[in-house]
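Working notes, structure below.
No value in this document is a laboratory result; all are computed from the given coordinates. Just so it is clear, the structure is predicted and the values come from calculations on it, not from any experiment. Cβ atoms come from the backbone with ideal geometry, glycine included; neighbour counts cover every protein chain shown.
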Amino acid sequence: MKMIAKRIGTALLLAVFILAPGLLFWIINYAFLSHPRMAESSTPVILASESSFRTIEKELAAAGVILADGRFRILGRMMGVASHLKAGEYLFPPSISPYRVLIMVKEGATYKHQVTIPEGATLNHIATLLAAENLTTIEEFLRLAHDSALLASLNIHGPSLEGYLFPDTYFFERGPKSTETMIRIMSDQMQRVLIQTDAINGLPQYGLDRHGVVTLASIVEKETALVQERSLIARVFLNRLAAGMKLQTDPTVIYGLANFSGNLTRQDLESPSPYNTYRIRGLPPGPISSPGQQAITAVMHPAEESFYYFVSKNDGSHYFSSTLSDHNRAVLQYQTKTNPTNLKVRKQ
């Protein structure tokens with residue numbers, strides 16, 4: 001009996017020596033060589049958090065990233081990474097090898113969506129841009145943008161995040177709580193800019209705190225696209241605030257309208273909206289858009305001028321005036337022919 005057992009053991013050991021090189025070659029060949037797949041372009045795959053290795057293997061096989069023959073599981077165990085794979089959205093190129101797949105998921109090399117938030121964007125605009133990349137839904141984003149607990153955690157004292165998400169180019173990942181994560185990233189960037197420009201301390205000489213500076217900067221942002229005019233427009237509004245004059249700025253009126261047709265009417269300018277700066281004195285309740293750093297800087301460092309008025313010259317630039325009579329002449333020169341009912345002459 002002992003002799004038989006010894007012979008069986010010897011045979012098994014011999015089989016291991018014979019088969020091991022072949023098995024090793026089989027695994028190495030599988031690990032490093034790409035395999036033909038159905039997809040001709042990169043394949044996106046979302047791996048949920050707390051997924052088991054077997055679940056991840058099935059999802060990758062279903063997406064056509066790997067072959068569903070069990071070798072991926074063996075390779076993962078041999079590499080010791082089966083319990084160290086990270087959740088998230090991945091974009092696998094069509095010629096990727098199983099080894100590279102495991103390395104990508106082990107290192108968390110998730111796909112990042114490039115999203116550019118333009119200067120002057122509103123919350124609705126930002127929500128639309130993010131939803132277009134399937135990073136969130138418009139409803140979810142706007143819900144969180146008005147969430148009082150989230151606002152408090154971000155030190156935002158207002159009804160929403162309007163104006164407090166910095167316009168910039170971002171690279172966002174899709175995943176659990178991604179909407180809140182994106183909001184925090186954009187809010188933190190705005191906070192950094194407010195600190196850099198000293199807007200965090202407001203303009204006490206004009207009675208403006210941080211919120212007031214952001215609000216005024218958002219108006220400046222919407223009034224002109226010309227960098228060289230922003231400090232001039234900021235000066236106009238600061239002069240009018242100091243003199244107790246109404247700001248009478250169209251972008252605030254438009255923001256307060258439920259529906260805007262594209263042309264301001266007399267009825268619009270008489271609307272009871274708290275954003276109607278043709279009726280109210282001082283600033284509206286809050287920002288009307290996300291101001292960029294240049295608009296914020298313009299408010300903090302306005303031009304040294306005595307201007308109280310400006311009117312469009314219909315070429316993207318504006319004519320600035322120190323007196324109402326000069327302003328009215330400019331309106332007649334630049335606006336009457338194109339807009340006979342122009343109401344900016346009412347500024348006083």
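The table below lists the values:
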item	result
Calculated FRET efficiency for the pair residue 261/residue 301, C-beta based, R₀ 35 Å, to 0.05	0.45
Proxy reagent accessibility, fewest Cβ within 10 Å first, across 255, 309	255, 309
Cut-off under 5 Å, modelled amide H: who pairs with residue 92 long-range	43, 45
Sorted by Cβ density within 10 Å, fewest first, the residues 245, 182, 79, 300	79, 245, 300, 182
As computed over segment 202-346, the Cα convex hull volume per residue (Å³)	105
FRET efficiency, residue 97 to residue 196 (Cβ-Cβ, R0 51 Å, nearest 0.05)	0.65
Calculated from backbone phi, Karplus (6.51, -1.76, 1.60) coupling profile of segment 44-55 in Hz, x at Gly/Pro	x, 9, 9, 9, 6, 5, 6, 6, 6, 4, 5, 5
DSSP-assigned coil residues among trypsin sites (Lys or Arg not before Pro) in segment 151-227, each with at most 13 further Cβ atoms within 10 Å	177
Neighbour-count ranking [beta-carbon atoms within 10 angstrom, fewest first] of 157, 327, 113	157, 113, 327
Computed E for residue 242/residue 42 - FRET, C-beta separation, R0 56 angstrom, nearest 0.05	0.45
Long-range HN-HN contacts of residue 303 with modeled amide H, under 5 Å	232, 235
Length released on extending from residue 177 to residue 109, taking residue separation times 0.36 nm less the Cα-Cα span	22.7 nm
Subset of 112/222; 58/106; 246/313 violating a 20 Å alpha-carbon distance limit	112/222; 246/313
For segment 282-296, 3J(HN,Hα) per residue [Karplus equation, 6.51 cos²θ - 1.76 cosθ + 1.60, θ = phi - 60°, Hz, x = Gly/Pro]	x, 7, x, x, x, x, 10, 5, 8, x, x, 5, 5, 5, 5
Label point distance in nm, residue 152-residue 169, each placed 7 Å from Cα along Cα→Cβ	3.9
